[in-house]
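Visitor: Take this structure, written in structure tokens, and hold onto it; I'll ask about it next.
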Amino acid sequence: MTDPGNPTVPAPAAVPASLAGKSPAPTPSYDANTISVLDGLDAVRKRPGMYIGSTGERGLHHLVQEVVDNSVDEALAGVADTIAVTILADGGLQVADNGRGIPIDIVASQGRPALEVVLTVLHAGGKFGSGGYAVSGGLHGVGLSVVNALSTRVSAEVRKDGYRWSQEFKAGAPTAPLARHEATAATGTAITFWADDSIFETIAYSFETLSRRFQEVAFLNKGLTISLADERASARATTGAESTDGDTDRPARTVTYHYEEGIADFVTHLNSRKGETVHPTVISIGGSDPERTLSVEIAMQWNTGYSEGVYSFANAIRTHDGGTHEEGFRTALTALVNKYARDKKLLREKDDNLAGDDIREGLTAIISVKLGEPQFEGQTKTKLGNTEAKSFVQRVTYELLSDWFDRNPVEAADIVRKSIQAATARVAARKARDLTRRKGLLES
């Protein structure tokens, strides 16, 4: 139907007959006065799950990770090599690094110090242009501001430009201007926050959860030292130290992680709990594309077990749901092992190709990519979406792993035989299931 006055413009659709002439039951008014606009960080406090996933223990630990990610970004930039995390006796938590220090000069568009802007404005930070960081994990620029919004108090201390600087915040807002203190030649940032117990279901940090994550961070950043100390009375009581003056004299529970071989050490660590290995050497390969600010490191080793352990990371952030980098790795691995098996006559012509699951049985692998513009699915960054990462990782994996197989034929053959055994067992198990089902049908 068209409007008679203008035959080229479609007329509005008619109201369905089922609704014509009907009036709904009286409801509260819905007009412009009912529309709420949340300014600044109010939206974060109103809907925290949109920013950190949940308000349970997982969300609480996500706050810690957001702050640590900023320090890791300094390590990725090559300007920091130490991160110290401390769970304070009063329930607060501090993250300190020896990086460049968050800028304290005035942001022209805001008329406020950069430190204050980073802590109070969503999507503010040094990760959106090309000047601050070539590679970073803090894609969304909400990290510190969200932590500030969801804390009763935040204390920021920066060592930069020859002085120590500090500023305090309460419920997301500054309580005083940026203050300059004594002179110092040191550089770095220390963020201390107290999570809001009116928002979170618990504000008790898990030492085990944090230490596992920080060990991952150390594995993924070769040469980085990261420590975790727990000053809570409950932690001091478990250290076993003798004390005559009460719990306050007991040492804090502390762990420190540092790995010179990075993700190769990670694979060795994971396989140490999985029995014997199929080949003695951890395979380490990697490549980079400076023009696209893209690089990958891969470490892998097969064990005699039956489970697959492929773990992927993007800019030191665990991508629990995988993504394009993991897809590229799996595709290349399956293609290469099948080609090698055919070329070396380890698979006969009549044999089917090995399935990806067969090849990855018993495999422990770490895939760590670094990207200038990571595209994560979701605010909590659990899946990588960059299409260029798939083709890049696929090419690097195929070319360099093919070269490793050629240079290590004995170990390569052992890997292929492990895959063939897995395929044989899978086919035999399927035939046994089919036989059992057929018997059941005949007997019924």
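Visitor: Efficiency by 1/(1 + (r/R0)^6): what FRET value for V427 and D321, r their Cβ-Cβ distance, R0 = 25 Å, to the nearest 0.05? Walk me through the intermediate numbers first.
Guide: Numbers: r = 30 Å, r/R0 = 1.19.
Once the sixth-power term is evaluated, E becomes 0.25.
Visitor: Could you list L336, L119, L371 in order of exposure, starting from the residue whose Cβ has the fewest other Cβ atoms within 10 Å? Please report the intermediate quantities before stating the final value.
Guide: Details: L336 19, L119 27, L371 23.
By the 10 Å Cβ count, ascending, the order reads L336, L371, L119.
Visitor: Report for the range 263-430 the percent antiparallel among DSSP-assigned beta bridges with both residues inside it, nearest 5. List each step's numbers first, then the result.
Guide: Working: 20 of 27 bridges.
Roughly 75 percent of the DSSP beta bridges within the range 263-430 come out antiparallel.
Visitor: Among V296, V44, V79, which comes first, second and so on when ranked by fewest other beta-carbon atoms within 10 Å?
Guide: Values: V296 25, V44 22, V79 16.
Exposure proxy ranking, most exposed first: V79, V44, V296.
Visitor: Taking the alpha-carbon distance from K274 and a cut-off under 23 Å, which lysines remain once sequence neighbours fewer than 8 residues away in the same chain are dropped?
Guide: Cross-link targets: K418.
Visitor: At 0.36 nm per residue, minus the direct Cα-Cα distance, what do D357 and A183 gain on full extension? Give it in nm, one decimal, please. Please report the intermediate quantities before stating the final value.
Guide: Values: separation 174, 0.36 × 174 = 62.64 nm, distance 5.94 nm.
In short, 56.7 nm is gained.
Visitor: Related question: Set the Förster distance to 30 Å, then compute FRET efficiency between N408 and H258 from the Cβ-Cβ distance, nearest 0.05. Provide the component values of the computation, followed by the final result.
Guide: Working: r = 29 Å, r/R0 = 0.97.
Once rounded, the FRET efficiency stands at 0.55.
Visitor: While we're on this one: Mind ranking 346-352, 381-387, 217-223, 406-412 by how tightly packed they are, going by the mean number of other C-beta atoms within 10 angstrom, highest first? Mind dumping the intermediate values first?
Guide: Details: 346-352: 11.3, 381-387: 18.9, 217-223: 21.4, 406-412: 13.4.
Ranking the peptides 346-352, 381-387, 217-223, 406-412 by packing returns 217-223, 381-387, 406-412, 346-352.
Visitor: Listed highest first by mean packing, meaning other Cβ atoms within 10 Å per residue, what order do 169-178, 273-282, 148-157 come in?
Guide: Numbers: 169-178: 15.6, 273-282: 13.8, 148-157: 22.5.
Packing order, densest peptide first, comes out as 148-157, 169-178, 273-282.
Visitor: I need I199, I263, I87 ordered by Cβ neighbour count within 10 Å, fewest first. Before the final figure, lay out each step's value.
Guide: On the way: I199 18, I263 27, I87 23.
Ascending Cβ contact count within 10 Å gives the list I199, I87, I263.
Visitor: Per q in 0.15 1/Å, what log10 I(q)/I(0) does a Debye calculation on the alpha-carbon atoms of the range 224-363 return?
Guide: -0.92
Where a number appears in this text, it was derived from the coordinates with a stated rule and is not lab data. Quick caveat, the model's predicted, so the values are computed rather than measured. Glycine also receives a Cβ, built like all others from the backbone with ideal geometry; neighbour counts cover every protein chain displayed.
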